[in-house]
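Reviewing the structure listed below.
Laboratory data are not the source of any read-out in this text; all were calculated from the coordinates shown. Just so you know, these numbers come straight off a predicted model, no measurement behind them. As a convention, Cβ positions derive from the backbone with ideal geometry for all residues, glycine included, and neighbour counts pool all protein chains shown.
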Amino acid sequence: MKAFFEKIKKNEFYKMWFKDALPYITGAVLLSVFQIATFASTGNPCGVSGVFANWGAWLFELFGGSVDKWYYFSSPGAQATLNAGVLNHPGTWRNLGIIAGALFAAMMASGFKIKKIKSWKQVAAASLGGLLMGYGARIAAGCNIGALFSGIASLSLSGWVFAAFMFVGAVIGSKLLVKYFM
Amino acid sequence: MSKEVVLDCLGEACPIPLVKSEKALEKMEVGDILIVQIDHSCAMKNVPEWARKQGHEVELEEIDDGEWECIIEKMK
């Protein structure tokens with residue numbers, strides 16, 4: 001494996017496609033094209049965090065629980081998605097694809113590394129941040145992909161409102177970060 | 001005599017390496033070298049970008065798989 005990477009390291013196309021980060025513009029164009037493809041093929045705009053809620057529901061059902069009475073899953077659409085099962089859920093495949101693709105990209109750039117945990121403070125902050133993000137994304141009915149990116153791409157005003165308040169949240173978050181983590 | 005400062009940002013995610021580099025460089029003298037150790041690919045992009053924009057001499061070295069050293073010479 002090492003010999004393989006030693007050999008292709010100097011290849012300019014390898015550098016352009018795998019090693020160096022793509023310019024932001026290229027990334028933006030690719031994202032736009034793929035979100036149109038997603039909309040056309042699945043009938044739903046692209047979303048990421050809503051899938052996790054479904055995964056949670058399937059996991060809960062696996063252990064004998066039922067989410068039929070939960071407000072979040074009470075709509076006929078949500079019930080139909082849950083009843084169709086995890087393997088028939090486009091969002092599940094998309095999320096798995098994102099994880100696999102990111103892993104592939106990191107490995108191709110020989111940038112894969114298992115990172116050490118710096119401190120317990122970092123663990124606590126990351127867990128708390130994750131919980132807040134997950135909770136916030138669900139009560140806002142979307143995250144920065146489903147509500148912001150797909151919202152704006154669908155020419156919906158809600159996407160822009162989401163963007164404005166996410167910016168406010170990011171400013172407050174950055175202040176807290178600098179205050180408690182520097 | 002110029003001095004060399006090593007900033008360990010291994011295991012830290014964006015934007016912490018960038019903010020830490022800004023603060024560290026602020027305290028240094030012109031001609032000093034700041035070596036920022038990073039293993040977050042987005043910091044590998046934004047730390048050198050910021051330093052170049054500020055007009056400093058920047059070199060990025062790949063130390064190991066997924067590990068970089070951003071060497072910044074303070075120019076002003």
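Numerical summary
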read-out: Considering only the range B:4-73, percent of DSSP beta bridges that pair antiparallel, nearest 5; value: 70 percent
read-out: The range A:88-182 - Rg and Dmax from Cα coordinates, angstrom; value: 16.6, 45
read-out: Value at 222 nm in deg cm²/dmol, rounded to 500, when DSSP H runs of n ≥ 4 in chain A each add -39,500 (n - 2.57); value: -21000 deg cm²/dmol
read-out: Two-site FRET efficiency, B:ALA13 against B:GLU57, from Cβ-Cβ distance with R₀ of 25 Å, rounded to 0.05; value: 0.45
read-out: Net charge contributed by nearby residues that have their C-beta within less than 15 Å of A:PHE181 (K/R +1, D/E -1); value: +3
read-out: Efficiency of FRET from Cβ geometry, A:LYS69 and B:ILE35, R₀ 41 Å, rounded to 0.05; value: 0.10
read-out: Relative contact order of chain A, defined on C-alpha pairs under 8 angstrom at six or more residues apart (%); value: 23 percent
read-out: Relative counts (whole %) of C-alpha pair distances in the protein assembly as shown, using bins that are 5 Å wide; value: 1, 5, 9, 12, 14, 15, 14, 12, 8, 4, 3, 1, 1, 0, 0
read-out: Label point at A:ALA126 placed 7 Å out along Cα→Cβ; residues across the range A:43-68 whose backbone nitrogen lies under 20 Å; value: A:49, A:52
read-out: Highest-MSF residue in chain A out of A:ALA164, A:ALA53, A:ALA124 [GNM, Cα springs under 10 Å]; value: A:ALA124
read-out: Neighbouring partner chain Cβ atoms per residue of A:13-22, average, 10 Å criterion; value: 1
read-out: Dipole in debye (nearest 20) - the protein assembly as shown, about Cα centre, beta carbon charges: Lys, Arg +1; Asp, Glu -1; value: 480 debye
read-out: Beta bridge orientation in the protein assembly as shown: antiparallel %, DSSP, nearest 5; value: 70 percent
read-out: Coordinate range along principal axes, alpha carbons of the range B:4-73, Å, largest first; value: 31, 20, 20
read-out: Within-15-Å neighbourhood charge of A:TRP70 [Cβ basis; K, R +1; D, E -1]; value: 0
read-out: Cut-off 15 Å between beta-carbons: net charge of the residues surrounding B:CYS42, Lys and Arg +1, Asp and Glu -1; value: -1
read-out: Loop-exposed chymotrypsin sites (Phe, Trp or Tyr not before Pro) per DSSP, neighbour cap 16 Cβ within 10 angstrom, longest uninterrupted part of chain A; value: A:113-182
read-out: Average beta carbon contacts from partner chains per residue of B:63-71, 10 Å cutoff; value: 3
read-out: Partner chain coverage, peptide A:49-56 - average Cβ within 10 angstrom; value: 0
read-out: Neighbour-count ranking [beta-carbon atoms within 10 angstrom, fewest first] of A:THR38, A:THR26; value: A:THR26, A:THR38
read-out: Cα-projected label distance for A:MET16 with B:VAL5, points at 7 Å along beta-carbon direction, nm; value: 4.0 nm
read-out: Qualifying trypsin sites (Lys or Arg not before Pro) in the range A:127-180, DSSP loop, other Cβ atoms within 10 Å at most 14; value: none
